[in-house]
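Notes follow the structure.
The values are calculated or read from the model by the stated rules, or taken from the named source; none is laboratory data. Predicted, not measured: the structure shown is a model, and the values here were computed from it. So basically every Cβ, Gly included, is an ideal-geometry build from the backbone, and we count neighbours across all protein chains shown.
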Amino acid sequence: MASVCLSGLRVVVTAASRGIGFGAAKAFLEEGARVLINSSNSKNLERALNELSALGEVYGVVGDLRVKEHLDKIVDEAVNKLGGIDTLVYVAGSPSPGTFLEKSYEDWEDATRLLTISPAYLARRVAEVMIKQGKGGRMVFLASVSIKEPIPTIALSNVCRIAIAGLVRTLARELAPKGIRVNGVLPGYIKTQRVEHLAKDLARRKGISYEEAYKELEREVPLGYIATPDELAKTIVFLGSDMSPYVTGAMIPVDGGLLRSVF
């Protein structure tokens, strides 16, 4: 049975054809929400829609999150298909692994657009829709535990995803009077292609097998395992619904205890 607070909720989830975005879209649909998902790959999007459609009302829009016109299209399609937007979940693909000295100007430019410029612009467009609706809303931005404790081999994420925290805190204060809550999630190791890439990169650097590298990542997690997107999605749904009415400006780690820092 769908939760009362999520029944009919109009949700936009970016980069949702697989991984964390797909898990979030699936969780919202299972709770009765109406969802629009986005992907830059039309085939992946079609496959995701076919799977998700069994769970509820879901629509898709092809678009590259680094392109302004595509961000506009996501918002316009959400308004047209869903009749408005109650919740935005911003998920983005991860920049390629690599140390600072391994990354080019073009790498930094691309990562900045994906993790700084685009979430800010999309938030602006969505905020305008929510304010016009006059019913408030919720935004949830996915960052990474690496913004608190940098991971040596993902320099682009370490630096660029920090902007998400600044965006969350800024919007939380500015949009609160409009009834719009804005929060962030800091995933640790989640069973996605990103962790596969990290394990492969670790294996290459250490001269060990992929399986050994994966186990090494797993051993870093105090809970002893790497979570699924479905487990992470529970926190996203909490923040993206009325189950968290007094939470705004938070950056919540979902990492199995990976972070060692107090703040």
When restricted to Ser53, Ser94, the only residue under 24 Å from Leu167 (Cα atoms) and either of a type in the set (Lys, Arg) or in the same structural domain as Gly137 (by TED's automatic domain parsing) (or both) is Ser94
Is it fair to say Arg173 is more than 21 Å from Tyr225 (Cβ to Cβ) and either touching a residue at least 40 places away in the same chain (Cβ under 8 Å) or in contact with a strand residue (DSSP E or B) (Cβ under 8 Å, 6 or more places away or on another chain) (or both)?
yes
Do we have any residue at all in the stretch 178-195 that's touching a helix residue (DSSP H, G or I) at 6+ places or on another chain (Cβ under 7 Å), surrounded by 21 or more Cβ atoms within 10 Å (Cβ to Cβ) and of a type in the set (Gly, Ala, Ser)?
yes
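Conditions tested, residue by residue: (1) of a type outside the set (Val, Ile, Thr); (2) surrounded by fewer than 23 Cβ atoms within 10 Å (Cβ to Cβ).
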residue	(1), (2)
Gly63	yes, yes
Asp76	yes, yes
Val79	no, yes
Tyr105	yes, yes
Trp108	yes, yes
Leu114	yes, yes
Ser118	yes, yes
Lys135	yes, yes
Arg138	yes, no
In the stretch 198-206, is there at least one residue being hydrophobic (A, V, I, L, M, F, W, C), within 26 Å of Phe28 (Cβ to Cβ) and either in contact with a strand residue (DSSP E or B) (Cβ under 9 Å, 6 or more places away or on another chain) or outside any helix (DSSP H, G or I) (or both)?
no
Elements of type helices (runs of 4 or more DSSP H) in the stretch 1-113, at least 3 residues being in contact (Cβ under 8 Å) with a residue 12 or more places away in the chain and among the basic types (Lys, Arg):
68-82
Taking the residues in the stretch 39-82 that are under 22 Å from Glu128 (Cα atoms) and among the basic types (Lys, Arg) as candidates, determine which candidate is farthest from the chain's Cα centre (by Cα).
Lys81
